[in-house]
Amino acid sequence: MPAQIKKYFLNRGFMTIEILVSISIITLSVLAAMSVAQKSISLSRQAVHYTQASFLLEEGAEAVRITRDNNWTNISALNVGTDYYPSFGGGTWTLSATPNTVGIFTRKINIVSVLRDNVTKDIAVAGTDDPGTKLVTITVSWAEGSTILTKTLQFYILDIFD
């Protein structure tokens, strides 16, 4: 076999290997870019849901304040440790025992009694029940894939009209 023909076949073999290596690199690059894009979309969706949950927490806090402003007994008469759900009707907010959702979110409100230290009058673990103060816990939960995520807001509410 002449030298030129041998050289042709040797170069052709190297060219095939170069093409296979190039295709492999391009394929891996495209797959990596698609994986990054998919993760980015997932994180963006999760960030939007966290933001929406934050707004729902604040709206729930305002619903509790409005309920208190309408009449303190709307708060003090609630069963301690029971979950309540804010609902808007008749031009005002109320707290109902009927569960409701806002899109993919479930928002619940739990109100518990507060104890005050007999000497310092500070909120304490043990002491005398303060009927004019309640601890409010608002929880917003939603499903993100197969995981249930929650955000919580706690605050004290007082009978300011007494």
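Residues that are modelled with pLDDT of 90 or more and more than 20 Å from His49 (Cβ to Cβ) were ranked within the range 138-162; the one that is farthest from the chain's Cα centre (by Cα) is Asp159. Every test in (1) under 24 Å from Leu149 (Cβ atoms); (2) in contact (Cβ under 8 Å) with a residue 24 or more places away in the chain; (3) assigned to a loop (DSSP other than H, G, I, E, B) is passed by Pro99 save one, and that test is (2). Starting from residues that are assigned to a loop (DSSP other than H, G, I, E, B) and surrounded by 10 or more Cβ atoms within 10 Å (Cβ to Cβ), keep the ones in the range 115-130 and report whichever is farthest from the chain's Cα centre (by Cα). So, considering only residues that are assigned to a loop (DSSP other than H, G, I, E, B) and surrounded by 10 or more Cβ atoms within 10 Å (Cβ to Cβ), the one farthest from the chain's Cα centre (by Cα) is Asn118. Checked against the criterion of being surrounded by 10 or more Cβ atoms within 10 Å (Cβ to Cβ), polar (S, T, N, Q) and touching a Phe, Trp or Tyr at 6+ places or on another chain (Cβ under 6 Å), the candidates Thr67, Thr27 yield just one match: Thr67. Scanning the range 80-93 for residues being under 23 Å from the mean Cα position of the chain (by Cα) and part of a strand (DSSP E or B) gives a total of 7. State yes or no: is Thr106 hydroxyl-bearing (Ser, Thr, Tyr), assigned to a loop (DSSP other than H, G, I, E, B) and either under 25 Å from the mean Cα position of the chain (by Cα) or modelled with pLDDT under 90 (or both)? No, not satisfied.
Please verify whether Thr133 is of a type in the set (Ser, Thr, Tyr), farther than 30 Å from His49 by Cβ, part of a strand (DSSP E or B) and free of Cβ contacts under 8 Å to residues at least 40 places away in the same chain, treating the condition exactly as stated. So Thr133 passes the test. Comparison of Tyr156, Tyr84 shows that the only residue that is surrounded by 12 or more Cβ atoms within 10 Å (Cβ to Cβ) and of a type in the set (Phe, Trp, Tyr) is Tyr84. In the condition set (1) loosely packed, with under 15 Cβ neighbours inside 10 Å; (2) free of Cβ contacts under 8 Å to residues at least 60 places away in the same chain; (3) assigned to a loop (DSSP other than H, G, I, E, B); (4) not polar (S, T, N, Q), Phe161 is compliant with all but (2).
The values are calculated or read from the model by the stated rules, or taken from the named source; none is laboratory data. Remember, it's a predicted structure, so these values are computed and weren't measured experimentally. No Cβ is skipped: glycine too gets one built from the backbone with ideal geometry, and neighbour counts run over all protein chains shown.
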